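Report on the structure given below.
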Amino acid sequence: MICLVTSNLQLRKSLTRLFREHEIVFRALDPTSDLAIPSLYAAGVKGIVVDSGMPGLVDAAWLDLLGSLGRRIPVLIIGEKQGQEQSVSSRNSELFVWVPDDSPELILAMLDSCGASGRGARSVSLKRAPIYNPQVPLHMLQGSGAISMLLINASALRKILIEFGVEAYQKAQDCFHQILVDMWGQNGSFRNSDMLMRRSAHSNTYYVFLEQSRIAKTVPAPGVLEKLADRLAMRIQEALWAEVFKDRALRVLPDGMRLIPDFSVGHATALHNPCVDPVDLLDHLIDSATEVAKVHQRRVKDREREIMQTIIQSREILTPNYQGVFQLQGITQEKVDQVKKSKSFTPIKDLIFGFESLIRARKNLVEEKLTGDHLVFMDFRLFRPDILFEMAGHAKVALELDQVCLGLGILHAVSLPGKLMVNILPRNLLHLERLTHLISPRGKIIFELSESEGVTNLSLMQKIHDYVSKIDCTIAADDFGKGHASIERVIKLRPELIKLDRSLVEKIHQDPTKAIFVEGIVKAAKQVNAIVLAEGIEMWEEAQAVQQMGVDLIQGFLLHRPQSLEEILAQLQDSEMQSVDSVA
């Protein structure tokens, strides 16, 4: 029997209808009655549902009463807690749960899961995970003689709060929460009869208490829980990456996020022991699962490092593509139309300034060598350069990946005309003399300083600048207007080329503020004899606008999409043959 304690006639009426609809035996109690408290201790009472709005509930005596009752039967308080539980001991306050008054399905699910409804199993689908109520695992523990759980720790979500703000953090929390709820009952995750619970209303930690009937009256076989935890972790990773790759208008995670938040999954089992307080058993169960989650996190990080080391060391998975960079002042709309019509850059071959090396991955080798791991989700889309380097930084091998990309880009570009632009991390540039074996295949290299990390030792960078000049190479400030590419850095570094970030030139013809800012950059660049390149140009109107401002070079899909070396050489050869034919 369920005891319903409320003086709110409307609430009593709605819950009465709910209980009768689901054939739950209950008794409605008036809290002002002298029989109310004795009735809560009756032998047949299996659960208590209390209205938080009733007079006197804020009193410490009532809360202490509910907390003590919560040590043996489930106690649900309907409403939003507003600090009332602070007057009761913290140990007892953990033994009852607050349920929003707009969640009748949650009330039913909690009563079912605690064995209080008399129906034996949860039969309603939940749209959110309820707050942790010890009575759920206590009922499972005492009923089966043992209990197993998974613990999902996503506390690293708080990094989003620091980097992107409160709103983005709350959206990420909601996203993670919904992913878990959507997985509830799906193949490859955890069953509908298992109980997913959130540690507290705003916590990033979740508990999954597993129904013990997988093999009646036995605990999971050794290794089974670990496999289940790993499989669940993979499913969560896959779902989070799917959010990262959604269109900007549809995604919930912040735009600038290139890595999924860290999380870990632990597991543990506890046996019922009548000589030990069952609440202490639960505390130990959760502590054990927390420790295993820490081990899981270390395993995942080690595997991520192994994957990145495989990518770096194989030298087969990665391959360079190249995108043309052209003299902007010679570009006309007529030439742009010719490029589009011919689907080739041959109409503007004479305006080639050089090419930029852009690293890509071979899909077949990614699928052959890296997919199928049981700890880390791996997909070809993760090999987008910005994501790949974020992953390398997370695995502490960004410098090594940068060196491989540098060497591959230069080695394959020996036969390309003009300058060769290659990205490089500042820390690698500082040790360029030790990397001569990577850059020796060709000259006329422009090293683009990546915006992903700052230059802290500008005096040392000046010495590197002098060394680069001696070997007939130059330095460019990459992605100016983004990340660490600041005006102060440009002034002290004195790069020969400044690349305007795509964010500065996108739809610049429609944005007077951008136009004024870029005009100022161009004027400042001319004062220090630096060339200005606008990258990411996709529209003629954008090209025309920066052309009128005096920008020197252009790069983007408007004129050329990245291609393999073979495709570019074929176009150059066709252009030469056409020139010979025209002369003949």
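Nothing in this text is a laboratory measurement; each read-out follows from the coordinates by a stated rule. Nothing here was measured: the structure is a model prediction, and the numbers come from that model. With ideal geometry, Cβ positions are generated from the backbone for all residues, glycine too; neighbour counts draw on all protein chains shown.
Annotations for the structure displayed:
- Using Cβ point charges alone (K and R +1, D and E -1), the dipole size of the chain about the Cα centre works out to roughly 660 debye.
- When the Cα gyration tensor is reduced to axis lengths a ≥ b ≥ c, the ratio a/c is 1.5 or higher for the range 353-401, and with a/b not above b/c it is classed as oblate.
- 9 Å beta-carbon shell around residue 535, net charge (K/R +1, D/E -1): -2
- Square roots of 5 times each gyration tensor eigenvalue, C-alpha, the range 164-294, largest first, Å: 31, 17, 12
- Gain upon complete extension [residue 436, residue 511; 0.36 nm per residue less C-alpha separation]: 22.6 nm
- In the chain, the longest principal axis of the Cα atoms and the axis of helix 135-144 are about 70 degrees apart.
- Acute angle (nearest 10 degrees) that the helix 398-411 long axis makes with the longest principal axis of the chain, alpha-carbon atoms: 30 degrees
- Rel. contact order, % - alpha carbon contacts under 8 angstrom, at least six apart, the chain: 9 percent
- For the chain, share of DSSP beta bridges that run antiparallel, in % to the nearest 5: 45 percent
- Stretchable slack from residue 369 to residue 193, in nm (0.36 nm times residue separation minus alpha-carbon distance): 59.6 nm
- Each of 505, 252 was scored by other Cβ atoms within 10 Å of its Cβ. Listed from fewest to most, they are 252, 505.
- Sequence of 34, 51 once ranked by neighbouring C-beta atoms within 10 Å, starting from the fewest: 34, 51
- Charges were assigned to the Cβ only: +1 to each Lys and Arg, -1 to each Asp and Glu. The resulting dipole of the range 315-583 about its Cα centre is roughly 420 debye.
- Within the shell defined by Cβ-Cβ distances under 14 Å, the residues around residue 187 carry a net charge of 0, with Lys and Arg each +1 and Asp and Glu each -1.
- With N as its number of residues, the chain has a Cα radius of gyration that, divided by 2.2 N^0.38 Å, comes to 1.29.
- Of all lysines in the structure, the ones whose alpha carbon falls short of 30 Å from that of residue 470, not counting any fewer than 8 places away in one chain, are 349, 419, 444, 482, 492, 499, 523, 526.
- Principal-axis tilt of helix 9-21 within the chain, Cα atoms, nearest 10 degrees: 90 degrees
- Neighbour-count ranking [beta-carbon atoms within 10 angstrom, fewest first] of 169, 41: 41, 169
- For the pair residue 338 and residue 36 in one chain, pulling the backbone fully straight at 0.36 nm per residue adds 100.0 nm over the alpha carbon distance.
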